[in-house]
Amino acid sequence: MKMNVYVKKRVAVVGAGLTLFRRRMLETPQELAWIAAKRALDQAGLELKDIDCVVSGSAPDAFDGVHLKGEYYSEGAGAIGKPHLRVYVGGGTGVFVPIAAWWHVASGLCRRVLVVAEEKMSSAADPHPQAVFRHIWDPITEKPLNPNLIWIFALEMHRYMHKCRVSKEDIALVSVKNKRNALDNPYAQAGANITVEDVLKSELLVYPVNRLDISPVSDGAAALVMVSEEWARRLTDTPIWVEGIGYTLDTSYWTNRELSFPVYLKNAAEMAYKMAGIERPMKEIDVAEPYDPFDYKELHHLEGLGLAPRCGAAEMTREGVTQRDGDLPVCPSGGLLGVGNPIAAAGLMKVAEIFWQLRGEAGKRQVKKDAVTGLAQAWGDLMQVGTVVIMRR
Amino acid sequence: MGVSIRGGTPLRDEEFRAVIKEIDSPRARYSMAAGIAYSRFLEGLKRGEILGTYCPSCRLVHIPPKIYCPYCFKHLTRWVRASDEGRVVTAVVSYLSATLETLEKPEIIGIIRLDVPGHRFSSYRFPGILHRICGASEDDVKTQRIFDARVKARWLPEDKRTGSINDIECFEVIWG
């Protein structure tokens, strides 16, 4: 079943690039953007003069400390003298950037688009980059309660544990897997061989969340080159096609719903599956990079995406289905838990990983099965946005 | 292929302290008008009432109230008074402040699904608010005994209320 969406041009990814993801980088936001962009152009075999349009993304301006962030880093993203669009949907931004770039190519407006995501969280160093999240709440009804961001994850995680009868041990397995996967990722910040016990014994922040349930604070950038079919054929024998995109929002009044299942994500996934002609996602998706800023989120998102039965993702994880050599490898990159979480760049890193996996270019991270179709997903704002991209070889 | 570029220059803590930096501390004070619906909601809190607006199309009661239904986009004109009692949908124990400093005394936070007399809601969408929970122990949270527990608002004394969500001190568990 194809969706009734008018697509003038098929869209392919032909190159990807990343910076290192690290807690503190010397480079400015522009320099980070430039490094990732240059690497993506190099892989595509293009130069900036070949690029028609630039689409970029970054999370709250308050991290980099410049309330004009898109314009500020734009020169490093190659946007000077070209149509440039910056998009932002909180944590969902990283996967929303290639979605917005897809519009540019699919509509026929641009043929070759440079796609860049950048985040420099370390600049907001005092007292802690997390403090920036004090200003994402409703200023009248929530801010006066002095919430911190970990509360809302903890509230959702505990609801999920209660509703689905999932233990902290089950959830910790995700952190163990992703951090181990990241040991094979040359860009990764938090690769490690840890045990479930290490997660449970790490510092308790907001019960049920411990330190090792959470991805780290990071600086970094990621970039892609996305082109029309005719350019894809000219540039490479192995383009990776963007076959489906999906994105939906719920309201930012996140306390008004059953948190154990993300309906907004289910809707976004259905939009993308329909467009890609996918009817049985569990059978048809070969490799997935769902958003994992917290370990339980990988389980929660697999269920929202229809890649696991409802309340069934923990069992899949226990049985090893989501390992790199499993039937559905999940976060082979190492995810945000292992590679790091420079917010917008982390989401785009997931799309880059699916690109490399489908091309067979993931090196030591390459999944065992012959992966033809892959999915990347991000999530964000206040428990309200899902962004999904489906790619095929 | 192009030139090879390093993937960036990571800094250790002591290197970060040593590199040349500009330090900026933006200060901004905001005075935010509460709007049509919230003004009435906050006036209600001052009187010890929790008010919402009812959408005749989806039958949801919005708390905090809206002048429109975000789902149906209808103009909402029917105000209803919710009970100041409800049930705990989820709860956590926070050992951290908003700026991630360690709290001396951990706080219990939860989402409370409020009762609205004469109204029923689906299990997916309901009037739920974020607030502190009192009268429960860390253990009540960790054993999940607190899920579905009945709670009732503990209000500040009337002369201390200012028209704020903090006019409710917390929701107190009524162990039954």
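The values are calculated or read from the model by the stated rules, or taken from the named source; none is laboratory data. Nothing here was measured: the structure is a model prediction, and the numbers come from that model. Glycine also receives a Cβ, built like all others from the backbone with ideal geometry; neighbour counts cover every protein chain displayed. These area figures cover heavy atoms from the full protein model, side chains too; ligands, DNA and RNA do not enter into them. Shrake-Rupley method; radii C 1.70, N 1.55, O 1.52, S 1.80 Å.
Here are the numbers for the structure shown:
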item: Wholly within segment A:1-87, strands (runs of 3 or more DSSP E) carrying at least 1 residues that are of a type in the set (D, E, K, R), modelled with pLDDT of 95 or more and within 26 Å of A:Leu375 (Cβ to Cβ); result: A:84-87
item: Pair list, Cβ < 8 Å and 6+ apart or interchain, from segment B:6-27 residues that are facing chain A (nearest Cβ under 7 Å) to residues that are assigned to a helix (DSSP H, G or I) and of a type in the set (A, V, I, L, M); result: B:Gly7/A:Ile35; B:Gly8/A:Leu32; B:Gly8/A:Ile35
item: Pairs with Cβ under 9 Å, 6+ apart, first in segment A:191-214 and farther than 26 Å from B:Ile109 by Cβ and within 9 Å of another protein chain (Cβ to nearest Cβ), second at pLDDT 95 or above and part of a strand (DSSP E or B); result: none
item: Segments classed as helices (runs of 4 or more DSSP H), wholly inside segment A:313-387, with at least 1 members that are among the β-branched types (Val, Ile, Thr) and under 30 Å from A:Ala62 (Cβ atoms); result: A:335-339, A:343-359
item: Any hit, segment B:46-61, residues being at pLDDT 95 or above and facing another protein chain (nearest Cβ under 9 Å); result: yes
item: Residues satisfying the stated conditions in segment B:92-109, i.e. more than 7 Å from every other protein chain (Cβ to nearest Cβ) and touching a helix residue (DSSP H, G or I) at 6+ places or on another chain (Cβ under 8 Å); result: B:Pro106, B:Ile108
item: Counted residues, segment B:158-176 - those being among the acidic types (Asp, Glu) and under 13 Å from B:Phe41 (Cα atoms); result: 1
item: Of the criteria (1) assigned to a strand (DSSP E or B); (2) within 21 Å of A:Val263 (Cβ to Cβ); (3) open to solvent by 10 Å² or more (accessible area, probe 1.4 Å), which one B:Arg154 fails; result: (2)
item: Residue ranges of helices (runs of 4 or more DSSP H) in segment A:127-244 with at least 2 members among the aliphatic types (A, V, I, L, M) and open to solvent by less than 30 Å² (accessible area, probe 1.4 Å); result: A:149-164, A:168-182
item: In segment A:276-307, the residues that are touching a strand residue (DSSP E or B) at 6+ places or on another chain (Cβ under 8 Å) and assigned to a loop (DSSP other than H, G, I, E, B); result: A:Gly277, A:Ile278, A:Ile285, A:Asp286, A:Pro290, A:Tyr291, A:Pro293, A:Leu305, A:Leu307
item: Residue in segment B:142-151 that is most open to solvent (accessible area, probe 1.4 Å), counting only those that are under 17 Å from B:Arg132 (Cα atoms) and part of a loop (DSSP other than H, G, I, E, B); result: B:Arg145
item: Condition check for A:Lys49: out of contact with any strand residue (DSSP E or B) (no Cβ under 9 Å at 6 or more places or on another chain), open to solvent by 20 Å² or more (accessible area, probe 1.4 Å) and within 14 Å of chain B (Cβ to nearest Cβ); result: yes
item: Subset of segment A:16-46 [among the basic types (Lys, Arg) and either open to solvent by 50 Å² or more (accessible area, probe 1.4 Å) or out of contact with any helix residue (DSSP H, G or I) (no Cβ under 8 Å at 6 or more places or on another chain) (or both)]; result: A:Arg22, A:Arg23, A:Lys38, A:Arg39
item: Residues within segment B:60-115 that are among the basic types (Lys, Arg) and over 24 Å from B:Ala149 (Cβ atoms), tallied; result: 3
item: Answer residue from segment A:245-275, given it is closer than 30 Å to A:Asp50 by Cβ and part of a helix (DSSP H, G or I) and is nearest to the chain's Cα centre (by Cα) among those; result: A:Ala272
item: Tabulated pairs, segment A:237-262, first more than 9 Å from chain B (Cβ to nearest Cβ), second open to solvent by 40 Å² or more (accessible area, probe 1.4 Å) and assigned to a strand (DSSP E or B), C-beta under 6 angstrom, 6+ apart or interchain; result: A:Trp241/A:Arg392; A:Glu243/A:Arg392
item: Scope segment A:116-126; condition surrounded by fewer than 24 Cβ atoms within 10 Å (Cβ to Cβ) and of a type in the set (Gly, Ala, Ser); matching residues; result: A:Ser122, A:Ser123, A:Ala124, A:Ala125
item: Boolean, B:Glu43 is at pLDDT below 95 and surrounded by fewer than 14 Cβ atoms within 10 Å (Cβ to Cβ); result: no
item: Criterion (within 30 Å of B:Glu14 (Cβ to Cβ), touching a residue at least 24 places away in the same chain (Cβ under 8 Å) and hydrophobic (A, V, I, L, M, F, W, C)) met by exactly one of A:Ala131, A:Ala172, A:Ala154, A:Ala182; result: A:Ala182
item: Criterion (surrounded by fewer than 21 Cβ atoms within 10 Å (Cβ to Cβ), without any contact (Cβ under 8 Å) to a residue 60 or more places away in the chain, touching an Asp or Glu at 6+ places or on another chain (Cβ under 9 Å) and not polar (S, T, N, Q)) met by exactly one of A:Gly312, A:Gly277; result: A:Gly312
item: Search result, residues across segment B:119-128 that are open to solvent by 10 Å² or more (accessible area, probe 1.4 Å), within 7 Å of chain A (Cβ to nearest Cβ) and touching a Leu at 6+ places or on another chain (Cβ under 8 Å); result: B:Arg125
item: Candidates A:Ala268, A:Ala276, A:Ala272, filtered to the one that is over 19 Å from A:Asn178 (Cβ atoms) and touching a Phe, Trp or Tyr at 6+ places or on another chain (Cβ under 8 Å); result: A:Ala268
item: Scan of segment A:88-109 for residues that are assigned to a helix (DSSP H, G or I) and either open to solvent by 10 Å² or more (accessible area, probe 1.4 Å) or in contact with a Cys (Cβ under 9 Å, 6 or more places away or on another chain) (or both), ordered by number; result: A:Phe96, A:Ala101, A:Trp102, A:Trp103, A:His104, A:Val105
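Per-residue answers, yes or no, for (1) surrounded by fewer than 18 Cβ atoms within 10 Å (Cβ to Cβ); (2) touching a residue at least 24 places away in the same chain (Cβ under 8 Å); (3) in contact with a Pro (Cβ under 7 Å, 6 or more places away or on another chain):
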{"position": "B:Asp84", "(1), (2), (3)": "no, yes, no"}
{"position": "B:Ala98", "(1), (2), (3)": "no, no, yes"}
{"position": "B:Lys105", "(1), (2), (3)": "yes, no, no"}
{"position": "B:Ile109", "(1), (2), (3)": "no, yes, no"}
{"position": "B:Pro117", "(1), (2), (3)": "yes, yes, no"}
{"position": "B:Ala136", "(1), (2), (3)": "no, yes, no"}
{"position": "B:Asp140", "(1), (2), (3)": "no, yes, no"}
{"position": "B:Gly163", "(1), (2), (3)": "yes, yes, no"}
{"position": "B:Phe171", "(1), (2), (3)": "no, yes, no"}
